[in-house]
Structure formats: structure tokens, C-alpha cells
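Quick notes on the structure that follows.
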Amino acid sequence: MSPVERIKAIDAKKRFVMAVLIPTILFFLFFNVIPIFYAFYISFHEMDFLNPPKFVALDNYKALIGDTHLTSSLLVTAKFAVTTVFIGGAFALFFALLINSVKRGQAILRTVYFLPVMTSLVAVGVIWGWLYQPRFGLLNEVLKLFGIPRQMWLSSPTTALPSAIAASIWQGMGYTIVIFLAGLNAIPESYYEAAQVDGANTLQKTWYITLPLLRPTFVYLLITGFITGFQVFDQLYVMKGPLNSTRGFIELLYTRAFSYYQMGRASAMAFLLFAIIVTLTLIQFKIVSRNQVEH
């Protein structure tokens, strides 16, 4: 190929790359970047769908300070995030270790545990709503066999949130199990063989080899789990409890924006949530980096 033909081929490749990238960049710009800046602009205005925006400076942010509804919804969201991350992660690690110890049929077990992840949230809500049904629900029928009185799972403000959290852990555990299995498969088998020669038992191998080498997996799941947990909407909305016992932050934001048309207040809430998530992520990174330096 002559130099001229080589230059023409390079130019053709560049034009092809630009033709592929430009629509993606424009899509990201118009449907992600511009709406974020516009929402930030709205957060300093009083706005509904009938009147033009009215500049109110920091009033929308100041109004969030004494908002009891926001505080309660943020507390519900925090409980959901912490519980799903730690309890769900503990269950997922336990099952991942069991699956990893199985010599045959690992693919089938991974598929079985991952199926709930691919199930629609509405379908999950309907299924668990039937399980939680006070009169003829399966869970109450099981409790009846042991002489335990029927529980008002989703009808009581005390048990509604734990019930929704249990359903969410069941659905999302398959994803966490797959991530843990990927981390377990990345650990060299030679470490376990050397520990076996030294006489280490299964528990010692898990504590001194598996858990320390799973640190990057723990960090990834911890950060993404908290981000996902604080953005929860579907699970709590589908399995709604009484007296706003399951009303999360995003549901309150949605209600303020599209039921009461308080677009400025809702935009301020969105950026408050963004600040909370960023702060938690930075704290986790700092803790992890400190632990890595100490070790």
C-alpha cells in the first residue's frame, strides 16, 4: 500500500469512528448533561408547569432543613441501603462460598440464583405481596404450623419496611453472588494448596486467604450497593406500607415534582441526594485506602 493510500485509509477510519461516536455523544449530551444543568438551574427557582420560573435563590435548599417528611424518607432510605448492603451481602457471600465449593453444577446453581435478578420488580412485588397476605399468605400459613400468630406484614408500619427489604434482598442477591464468585475464581489455587500443606482447615483458609483477597470485591459491592440503595424507588413503591413507613427519598422527590408540581424543591432534593451519595462514596474510598496503607 502506497503512502497516499495509507493516509486515505486512516482518514476513512477516522471518519467512520466520528460517525459512530457523534450520535452517542449527542445522545449523552442532550439526555444526560443538559438535563443535569437544567435541574441545577431549576433548583434555584420556584417552578411549576403553568408559570415561568421565579428566582428564589437558596430558598428551596433552606426549606429542606426543617422538612420532616424529607427526614423520615431519608431515614427509610438509609435503613434500606444499610440493611440490603450488609445483610444481603453476608447472605450472598455465604451462598457464593457454598457454590464455589461445589465441583459439579456450578453453572446451574448460578443460573438459579440469578433468575430473580432478571424478574420484573412488579412481578416480584405481586409474588411477595401474595406471600405476605395476612389471611391466606404462605408465610402466615407456615407460622401457623408453629403456633405463631398471623403477622400483618405489609399492613403494619412496624413490619412493612423489613418485609420490603427482605423481598429486595431475595431479588438482588443473585447479582451479588455472581460478583463474589468472580472474585473467588480470581484467587490463585496455589494459596489454598500452600495452606493445606501447612495444615490449615477450611475456616482458616476462608479467614486468612479468601476474605482478605476479596477486599476489592467488597469495596466494589459496598460502593455500588450504597449508590443503588439510596436511589431505591421501585421496590418500596410496589410494596407500599401504611403511614409512609416505606416511603423512600426518591418517592418523596417524585411526589413533590409530579403530584404537587414543586419542581424547584424536587430539584434541590435531587442535588441533596447527589451530595449524600458522593460524600458516602468518598468516605468509603478514604477508609479503604487507609486500610490498604496499614496492611
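Subtract the Cα-Cα distance of R110 and V33 from 0.36 nm times their separation in residues, and report this length gain in nm to one decimal. Don't jump to the answer; show the numbers that get you there.
On the way: separation 77, 0.36 × 77 = 27.72 nm, distance 3.72 nm.
Full extension of this stretch gives 24.0 nm more.
Check H45: other-chain or 5+ apart residues with amide H under 5 Å from its amide H, H built from backbone geometry?
Amide H neighbours of H45: V56.
Among the aspartates and glutamates, which have Cα under 13 Å from the Cα of K240 when same-chain residues fewer than 8 positions away are ignored?
Cross-link targets: E251.
Each residue of the stretch 21-29 in turn: what ³J(HN,Hα) in whole Hz from Karplus with 6.51, -1.76, 1.60 and θ = phi - 60°, glycine and Pro shown as x?
Those phi angles translate into 6, 4, x, 5, 5, 5, 4, 5, 5 Hz.
Only Lys, Arg, Asp and Glu count, each charged at its Cβ (+1, +1, -1, -1), so figure out the dipole size of the stretch 152-295 about its Cα centre, rounded to 20 debye.
Values: 8 positive and 6 negative charges, 123 e Å.
Dipole about the Cα centre, nearest 20: 600 debye.
Scattering from the C-alpha atoms of the chain alone, worked out with Debye: what is log10 I(q)/I(0) at q = 0.06, 0.13, 0.15 1/Å?
Normalising to I(0) and taking log10 leaves -0.32, -1.10, -1.23.
Would you please give the FRET efficiency between A194 and M118, computed as 1/(1 + (r/R0)^6) with r the Cβ-Cβ distance and R0 = 45 Å, to the nearest 0.05? Working shown, then result.
Working: r = 39 Å, r/R0 = 0.87.
Efficiency computed from Cβ-Cβ geometry: 0.70.
Compute the FRET efficiency between W170 and I227 as 1/(1 + (r/R0)^6), taking r as their Cβ-Cβ distance and R0 = 25 Å, and round to the nearest 0.05.
Values: r = 20 Å, r/R0 = 0.81.
Calculated value: 0.75.
Under 10 Å, Cα contacts only: if you run a Gaussian network model on the chain, which one of I187, I22, I165 comes out with the highest mean-square fluctuation?
I22
Can you find, among F27, F40, L58, the residue sitting farthest towards the positive end of the charge dipole of the stretch 3-59, where Lys and Arg contribute +1 and Asp and Glu -1 at Cβ?
F27
With the crude spin-label approximation of a point 7 Å out along Cα→Cβ, what separation in nm comes out for I22 versus D234?
Spacing of the two 7 Å Cα→Cβ label points: 3.6 nm.
Around N185, what is the net charge, scoring Lys/Arg as +1 and Asp/Glu as -1 over all other residues with Cβ under 15 Å from its Cβ?
Working: positive: K103, R110; negative: E189.
Residues near N185 contribute +1 overall.
Positive end of the dipole of the stretch 62-294, charges at C-beta (+1 Lys, Arg; -1 Asp, Glu), about the Cα centre: which of S259, T279, A195 has its Cα farthest in that direction?
The residue sitting most towards the positive pole is S259.
Report the Stokes-Einstein translational diffusion coefficient (µm² s⁻¹, integer) for the stretch 143-207, Rh taken as the Kirkwood radius over Cα pairs, at 25 °C with viscosity 0.890 mPa s. Let's see the in-between values first.
Working: Rh = 15.9 Å.
My calculation gives 154 µm²/s for D.
What number comes out for the charge environment of P157, summing +1 per Lys or Arg and -1 per Asp or Glu over other residues with Cβ under 12 Å away?
Numbers: positive: K240, R247; negative: none.
Around P157, the charge tally is +2.
Run the numbers for L211 and F40: contour at 0.36 nm per residue of separation, minus the present Cα-Cα distance, in nm.
Working: separation 171, 0.36 × 171 = 61.56 nm, distance 4.20 nm.
That works out to 57.4 nm of additional length.
Counting only other residues whose beta carbon sits under 15 Å from that of M239, what net charge do I get with K and R as +1, D and E as -1?
Charge balance near M239 sits at +1.
Specify whether the C-alpha gyration tensor of the stretch 146-295 places it in the rounded, prolate or oblate class, a ≥ b ≥ c being the square roots of the eigenvalues: rounded for a/c under 1.5, otherwise prolate if a/b is larger than b/c and oblate if not. Could you put the intermediate results ahead of the total?
Numbers: a/c = 3.43, a/b = 1.66, b/c = 2.08.
Taking the square roots of the gyration eigenvalues as a ≥ b ≥ c, the stretch 146-295 is oblate.
Each reported figure results from applying straightforward, stated rules to the coordinates on display, with no laboratory input. Here the structure is a predicted model, which means the values were calculated and not measured. Cβ sites come from the backbone with ideal geometry, for glycine too, and all protein chains shown count toward neighbours.
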